[in-house]
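One structure below.
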Amino acid sequence: MFKNAFANLQKVGKSLMLPVSVLPIAGILLGVGSANFSWLPVVVSHVMAEAGGSVFANMPLIFAIGVALGFTNNDGVSALASVVAYGIMVKTMAVVAPLVLHLPAEEIAAKHLADTGVLGGIISGAIAAYMFNRFYRIKLPEYLGFFAGKRFVPIISGLAAIFTGVVLSFIWPPIGTAIQTFSQWAAYQNPVVAFGIYGFIERCLVPFGLHHIWNVPFQMQIGEYTNAAGQVFHGDIPRYMAGDPTAGKTVRWLPVQNVRSAGCGNCYLALC
């Protein structure tokens, strides 16, 4: 049993590497675009900044797809199912959470009480992966034959996401509040202690291949930064790429040749 659990955790870690692989190009686009180089047309800078920012804004969805593919041998149906599951789960929480918390939807959105971030994406990807492995060979009555097999996976994933969204509406607000409290402490109040603990545990997990799981909440959840354009970034890596001077503590960095000397302090590649 322990061996199976350990193997599954390693598989989760490997599946998270695919979403992480998009960070370098997103960081370069956002960093160069935000640097406002005099030799780069304003329109080009704006396009690059928006393009890079869009990747970070959609990291939950990217993680959902990555987890689903990692557990289904890269089958595209699971990726589609993860997108369906994530969208339905988020919208379900948006409807149910105000009823559970007895708060206006605007206040819940402002306080991020129903914002599951990349962890919600991982949950959606796990739902899609499980449903794919469980139902991709399912047979239905002849009159429903069109929906048999892999076509059934997005349907059942969506239904499971509704149930998951309802459950998360009850249990996520206290979890999310705890994460936000820890984020503020780790990112701004006592970063030396927080990231010292992070680094020690991360190094201990590297030999087992489990460090990617430990990295995700620190790299993609901790802290909040709003840039001049009003875009909000969560996580140490997205905040660093967006120009937050308090971010950039969770990863090893490889300078891009001649970029920092040119004046772009944000343009670094994350080595995860």
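Here, each number is a calculation from the coordinates, and none is a lab measurement. Note that the structure is a prediction, hence the values are computed from the model and not measured. All Cβ positions, even for glycine, are placed from backbone atoms using ideal geometry, and neighbour counts span all protein chains on display.
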Plugging the Cβ-Cβ distance of Gln189 and Ala110 into 1/(1 + (r/R0)^6) at R0 = 35 Å yields, to the nearest 0.05, a FRET efficiency of 0.95
Among Leu18, His46, Thr72, the residue whose Cα sits farthest towards the positive end of the charge dipole of segment 1-133 (+1 at Cβ of Lys and Arg, -1 at Cβ of Asp and Glu, taken about the Cα centre) is Thr72
Full extension between Ser45 and His102 adds, at 0.36 nm per residue less the Cα distance, a length in nm of 16.2 nm
Summing -39500 (n - 2.57) over every DSSP H run of at least 4 residues in the chain and dividing by its residue count gives a helix-only mean residue ellipticity at 222 nm, to the nearest 500 deg cm²/dmol, of -21000 deg cm²/dmol
XL table Lys91/Lys249; Lys14/Lys249; Lys11/Lys111; Cα-Cα > 24 Å flagged, in table order, is Lys91/Lys249; Lys11/Lys111
Applying the span-like rule to the chain (DSSP H, Cα extent along axis at least 15 Å, Kyte-Doolittle mean at least 1.0) gives 23-35, 42-57, 59-70, 76-101, 117-135, 152-184, 191-205
Magnitude of the Cβ-charge dipole (Lys and Arg +1, Asp and Glu -1) of segment 130-204 about the Cα centre, nearest 20 debye, reported as 360 debye
Which of (1) 66, 43, 43; (2) 70, 34, 33; (3) 47, 45, 38 is the computed Cα extents along the principal axes in Å? It is (1)
Computed about the Cα centre, the charge dipole of segment 74-172 from +1 Lys/Arg and -1 Asp/Glu charges at the Cβ has a magnitude in debye, to the nearest 20, of 400 debye
Mean projected area, convex hull of alpha-carbon positions in segment 74-172, reported to one decimal in nm², is 6.8 nm²
Restricting to lysines and to Cα separations under 23 Å from Lys139, and discarding same-chain partners fewer than 8 apart, the set is Lys150
Mean separation of Cα contacts under 8 Å (at least 6 apart) over the residue count of the chain, i.e. the relative contact order in percent, is 22 percent
